[in-house]
Structures are given as structure tokens and as C-alpha cells.
């Protein structure tokens, strides 16, 4: 996917208040919960999985966004490298300001030797400036361990500039299996139509189908982007991201109309329209996967894979999959044997070819200074061995095809990672590419939740088109 | 502001002696450090801001007035301006009046210091902390938000919820599954007419099974016929084992207990009422000849109070049918009023203290003279105290006008998303922040808006300056 390539070169800082830091925090917290769950599952054989590295010595500076528990896990990834090469890795966790920090460091002339950024646009921009090194001489044929959907995102003028270390999947709908069982649903929906039909069945059984995290704009944008990707396909998605398709085009209308089939049914939404506009993250997750002492209020929550940390944080009783702890039936009561599971965000029946195009995010490593130690570190980060270590610890999915699926601690994480590895197209969040009108886009999406009627959609589209034109200049 | 004030004091103090020049040099020397600071952190950034407002987003290309044009080409700036107007019209007046009332009252009560301390305390907290508290107070869920909990308690005295409250977005008609149709005013009616000796089955879905188990529901059981009576069953017509079957009664389907029913005669008037038992069965005895329908009364489904969305975008003025521009200009979103309430709590103590200081400096003889002349308390307050306090009240008022023209902190804290540009609670200052440092980083637009905000603050600032220097 060439999502970031179409960008007009302006690099946006990621300084956002509230909304964004929550976004980040959620993934930052992703490990806290999973760690406890996974700790018991780390096999003793891990150390033998380290790659054969030769002694190099010296030191290398490394920046990434991970702090606190994620930093601990990442350092666990780094320690075999340090032990075997004798290289001292000086790691610095920059939190959610990673992009800004990198831009500032490059402008100031003192970037780290290696950095991992959560945004392929940063990689392309730095490649344009000549600030980073092409990686073909460094990682060689191991580049093919990654799907072309991933490599294309960080390829500039046919040269690969980044290697993906971590991926996150937004193509997920999380459901409480016990709530599905209450409605007699035996399988998860494969098409959008089936999803709506199942929602109707849930409603008839007295179960509210969805808890939407839509008190603010970005989760609505993520949801809409999923629908657009599934209805219009990845090529159109990239074109819309670069505003080469108008916001008034039929593909946009189709996505809005499709999503209106869900949003326009207030009885499917926990709290109706009013309640959805006050349902914030992570409470929206807690309403489907509550803490012991309360019961679920809805069956599904449409969110990225980072919700797992919230779920297992609510209670260690939650078991991944559709069978409860020690083989018992999944219960709605979180104090007994509750479960959690996900199914991929389904495309409409007529657009099934878009099912393997997925929206997500990830962290990509790039090389600023080609010292021997830095090159070895980048090669190591791109190797399956590095990914495997964090995979065992949980809360991590690698886009690297060579990381064996058996390294993941549970079937749900495994399925999640498998989706990432097998994606034919991988797109990043489109709203992050919109520059100065991104907050307006979020607002427009909220207006759509407030009123998803056809006339409202057409007026929202016109507004978005004029905002995009004013902001992007075309 | 400081520049002018310093200059004028300097002018007033200027000596006219022979050592004029030396004094001049000396005072200049003293002025230099302050002047450098002012230049570096006020004057230069101000000039830079004006300059940037004519440049593009990354400050690399001169674009003339196009930033100003694009600011006024969308409704976003109008919404922000409207919110600033709402703040300026509502807040300074109310906070001044409250400050005055508190100040006057605190003079007449015991424990005045304790009272003043409590009222003044909020100003000590950071606005972010206060906002967090108010975010909780304003929560939609009455179990969390204390304001909605109060409204809920009062509301339920007048509108007691039914045994089967509808969930949000649900209608009674959507519950009707078999043998039931929508009736008048949110009630349900049996689809068939019956006469004495006959029996009915009415299937409902869409009700949470836990609601039924709380009411002690038992598995549904068909009613037997009884001579002279109309009998029947109302049951949860949803079986997990047969989710699509809507005629049979399965062992996992419960009856609807405690459902209030009415028997409607041929004219449609209610002739008898009854309730269902734990099995969902009902029994109207001694039924006259003729055809009847059974009505499930709407009160069964009366939803409970689900909370007012205090931090929501809904407008207090009916503008939903107007054009986008008219909406932007004429809406008064509830969130603005909620924010103003929270901000009053923060600032009332400050205005009280300032007004109390003014009160303390008043010439008591005048007040006493008015008492001697036979004026009532109210007359004294209105005709003597207020006019004498007018200068203080004006300063408080104008200071608060300037304060809310730049309103920012509470706006972004209480309305994380609705304060984004175009959001219902956005203000000029929050727009400046989000345009300049939010997702987009467009220094040109942000600077242009900052210049507009500056132009709006200038009149109030000059007014205050004039008052200060006029003393």
C-alpha cells in the first residue's frame, strides 16, 4: 500500500490532546494486562531461539515510543542482542511524541542511530530528505519475510527504508461469546449483512448488540475507515487519503450508507444515539467485558486489538476464545468463566474481495547512521527471533511471516497476528493523513453519528469536501 | 498593557531638574532588563504571529490574506465566535453579581472567614483538576454523574418506570413478535379479537432475560380456556435453541410476570384490568358477550430517566432546521452552559474577594447616613452600596470579559472532542491551539486566528487601561 506516498510532504506532529493520548495510552497499556496472563506461558526454550550473532562491541542509540511495561518487554527483546554482540543499546522511550521528537532531532542534526516510528509517513519523508539509509544492503533477502503490503508502505523510489517490527490490527470486532450464546448465535458473521442480521437476533433476545466507543471523533473515523476499506477497496482508500477522490464521490456515499445501516438503528446501540455519543474508551469495552460484580450490557465492541489489555485487566478470569477457563462454558458473569474473542471486520457480501485489506498501525525501524552495530541492530529487529520474544510475552503481533504462530500465547492473539501477516493490503488510519482539517473530519464523523440520514450524509460530504480542499489545497 | 503603564508612570515621575539627563540615563538603565524581557517574550512573538498569519502552514511561503479568507470560509470560526459571545454575554455578568452577593452576605454572617475560604478555595485548584471533578458531576449515567442522579430521583417521583423499561432507541412496537400489534400511545394490542371462553397468546421479544428473572418469571405455560372468561399468555417468544421460531412455546421461554393488561370493549374503551402471573398467564373473568381485545398498557414499558447529556452538543435554541451558517450562529449548546456553571464555581471566590476588598474600603458614614435617613437595607444596597462600588464592579466585570474572551483551559478539558475546531464548544483560543499544535500544525491559520482574537481583546484591554491610568 502506498498510503503515505501520496502525502504532500508536510509532516504533521502528533501533539494531540486527550483524544490522541488515550489512543496511545490504550496501546501502551496493552501489555500491562496481557503480561500477567502470558507470564506463565513463556517457555524456557526462548533463549535458544536467539539468532547467531557475532561479537561487534561498541554502542548504538535507539529511540522508540515504548515506555513503562512496553519498554520492559522491548528491553527483553534487546537483551539477547546485547549479550551476543556485546553492543550496548542505549534505548530511549519517547512515548506518544515519537514523530515530533524524530523531526526535531533530524532538524537539529542529532538523530539517534536507529529509531522505530509509529508512522510510515515519517519514514518516507526522511527518505526524501536523505536522512535515513536504504535497508537492502542491511537486511538483504529477509525483506521478503514481510508481505509486500507492509514493505510498500516504507518503499521510496524502489528502495526499502524501513523494517516492520510490530503491527496492530484495527480490523477487529470483539464480542462476548456468552452474549452471542444467549441469542443462540453459533458462528460469527462473515459478511456485513450477516453482522446486521445477527445484531437483529441479539436485539430480539434482549441483548443490545453494540457498545460503540463514539463519544469523540477518532473512533468513529476508524470505524468509518474500516467500512470504506471494505466497500471501496484499498486502492480507493489510498486515493481518498490523498484526496484524489472527492469526499462527495459515490464510494464515500456507499460507505456512509453502509455504516448508516448500523448507526441508524439506535436500538442496536447501547444507550441509543445519545448514549453512544457519551460512551468513552475504555468504558465502552468494560460494558461488553465488565469487571466481576457487574454484567455485560452489550455483545460487541468495535475496536482495535489493543482492547485485549482492558479486557484481561478487568479480570484475569477472561479466557481468549470460545471456551472458558478449564474447559467450562463461557459465562456472561465475569466472576465465573468469561471469555473474549474477535472476528474480522466483515465486508458486505458483494465486496468480499476486500476482506484481506486491513486497517491498522505499526512500528517501523529505520537506520540513520550505518555503523556496524546499528546495522546489526536493524537486522536483528527485522528478524523473526526478535519478534518471537515479544510474541511470547503477549500483547504483540508481528507482521513478520517467519515469526511462528505457535509463539503467540493464545488462539486469539494468534488469529490476530495471522491476519496481519496475511494481509494483501495494509492501510494506516486515513484521518492522520489529513493535516490541519483532521479535527474537522472527526467532528464531521460525530455529526454523522448524530444524524445518519441520507440528507445529513450528503450535507456532511459536501462539508468534508470543502474542508479537505481548503486544507490540502486540491 | 504593562508597556503603556510603565511608560506613563515614567512620564509622571520625570524630574525637571538640571540633572535631567543623568536621571534619564539611570532610569533607562533600570528599564533595559525589563524591556529586553518584554521584547523577547511579548513584542517579538506578537510581531512574529502577525507575520506568520500571512504565511502558509509551514511558514515557508507568503500567501497574503488567504489564511484569513479560509478562516471565514467555513462555519468553524463562526461557531467559535458564537461561543465566545455566549461566554462574554453570560459569564462576566453572573460572576460579578455572585461575587457581589457573596461579598455583601459574608459581611453579615458569623464564620465569614470560613465561608470566604470555602468559596475562594476552587481558585486554588488547577482548572484541569476542577474539570475532572465536573466531568464526573456531568456524567450521563446517573450511577456516576451526581447531577443526573438528582434529576433521576426527582423524575422518578413523577414518571415511575415500568417493569419492562424500554432500552434507548427501542419502541414498544418493536417488541411485538406474535399475536401482538402496536396499539395507541405506545401500548400493544392483541392482534386477534376474542370473546368469553376463548384464549390468547401474545409473544414479545427484545427484553433482557435478566429483567424477567428479577421479576421471578417461570417458564411460559399456555392458559386453559375458562367459560365466561378471557384467558391468555404473554411470554418471551425467543428460544435459544430455536431463535427463528415465533409460534411455538419452548421450555427455555419464560412468561412475562407483573404485566399490566386492560380488556378493551368493542368501543375501544377499557372494561377491566388485570396483571399476569409468574408464568405470564392472565385471566379476565365474568366477561360480557361481544368481541374484545387485550391491551398491554404503555406504562409497562415506561423507560427510566436515562440522563441528560450535560456535556452534549444539543442546542437549547431550536435551530436544527436552519442552514449550517444559521445553526453555527444561533445555537446555544448545553455544554457551553455546563462549562459556564463549572467556571462560575471556580471564579466566584475571586470576584467575591475583590468586591469584599472594595466594600471594606467604602466610607461607612454614607451607609450609616442612609440608615439614619430611614432607607431600608435593600434601598441602601441598591442606591448607596452599588453606586459606590461601581468602579470595583466595573474592573471585575471587564477583567472577567477579558478572561473569557481568551477562554481555553476549561473548554479543552471539559469538551475533549467538542472543543476541536467545528465542535459545538470550540472557542477562538481552543481553535488557535488545535490549528497550531493539534493534528494539523498549520501555523498560518493559527496565527491568523490569534490575530483576530487579539483584535477582539484590545477594546476591553484599552478600557481597563484607561480606568487604571485615570486614577
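Coordinate-derived values only; no laboratory data. From a predicted model like this one, the values you see are computed outputs, not experimental measurements. Please note: Cβ atoms are built from the backbone with ideal geometry, for glycine as well, and neighbour counts cover all protein chains shown.
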In nm, the gap between the two label points placed 7 Å beyond Cα toward Cβ at residue A:465 and residue A:291 is 4.9
So, with points 7 Å from each Cα along the Cβ direction, the residue B:271-residue B:110 label distance in nm works out to 7.2
Computed over chain B, the convex hull of the Cα set has an average projected area, in nm², of 38.0
Descending packing, highest mean Cβ count within 10 Å first, for B:352-364, B:152-164 is B:352-364, B:152-164
Scoring chain A by relative contact order with C-alpha pairs under 8 Å, at least six apart, yields a percentage of 25
Shielding of A:275-286 by other chains, given as the mean Cβ count within 10 Å, works out to 3
Taking 0.36 nm per residue of separation between residue A:451 and residue A:159 and subtracting their Cα-Cα distance, the length gained on full extension comes to 100.5 nm
Computed, not fitted: 222 nm per-residue ellipticity of the protein assembly as shown from DSSP H runs ≥ 4 (each -39500 (n - 2.57)), nearest 500, equal to -14500 deg cm²/dmol
For peptide A:177-184, the mean count of other chain Cβ atoms within 10 Å per residue Cβ is 2
Rounded to the nearest 5, the percent of antiparallel DSSP beta bridges in the protein assembly as shown equals 70
As a percent rounded to 5, the proportion of antiparallel DSSP bridges among beta bridges in segment B:159-268 is 55
Partner shielding of A:197-206, taken as the mean number of other chain Cβ atoms within 10 Å, equals 5
Relative to chain B, whose Cα atoms define the longest principal axis, helix B:127-137 and its Cα axis are tilted in degrees, nearest 10, by 20
What the 10 Å binned alpha carbon P(r) of segment B:157-303 shows, as percent of pairs per bin from 0, is 12, 45, 34, 8, 0
For A:348-355, B:133-140, ranked highest to lowest by mean beta-carbon neighbours within 10 Å, the order is B:133-140, A:348-355
Here the averaged projected area of segment B:340-453, based on the convex hull of its alpha-carbon atoms and given in nm², is 9.0
Under 17 Å by backbone N from the virtual spin label 7 Å along Cα-to-Cβ at residue A:350, the residues of segment A:186-205 are A:191-196
Gyration tensor (Cα only) of chain A to equivalent ellipsoid, semi-axes in Å sorted down, yields 36, 29, 18
Rounded to two decimals, the Debye log10 I(q)/I(0) of segment B:254-353 (Cα scatterers, no solvent) at q = 0.11, 0.12, 0.13, 0.17 Å⁻¹ is -0.66, -0.68, -0.70, -0.84
Packing-ranked peptide list from A:332-343, B:454-465, highest mean Cβ count within 10 angstrom first, is A:332-343, B:454-465
The FRET efficiency for residue B:44 and residue A:128, from their Cβ-Cβ distance with R0 = 51 Å and rounded to 0.05, is 0.95
Measuring from the longest principal axis of the C-alpha atoms of chain B, the long axis of helix B:75-106 (C-alpha) lies at a number of degrees, nearest 10, equal to 80
Between residue B:329 and residue A:405, the FRET efficiency computed from the C-beta separation at R0 = 45 Å comes out, to the nearest 0.05, as 0.20
What the 10 Å binned alpha carbon P(r) of segment A:390-473 shows, as percent of pairs per bin from 0, is 16, 28, 17, 25, 14, 0
Quick calc: nm separation of the 7 Å Cα→Cβ label points for residue B:458 and residue B:322 -> 2.9
Between residue B:174 and residue A:257, the FRET efficiency computed from the C-beta separation at R0 = 25 Å comes out, to the nearest 0.05, as 0.65
Whole-percent tail of the Cα-Cα distance distribution for the protein assembly as shown, cut at 51 Å, equals 33
Segment B:77-236: antiparallel bridges as % of DSSP beta bridges, rounded to 5, reads 45
Relative contact order in percent for chain B (Cα pairs under 8 Å, 6+ apart) equals 23
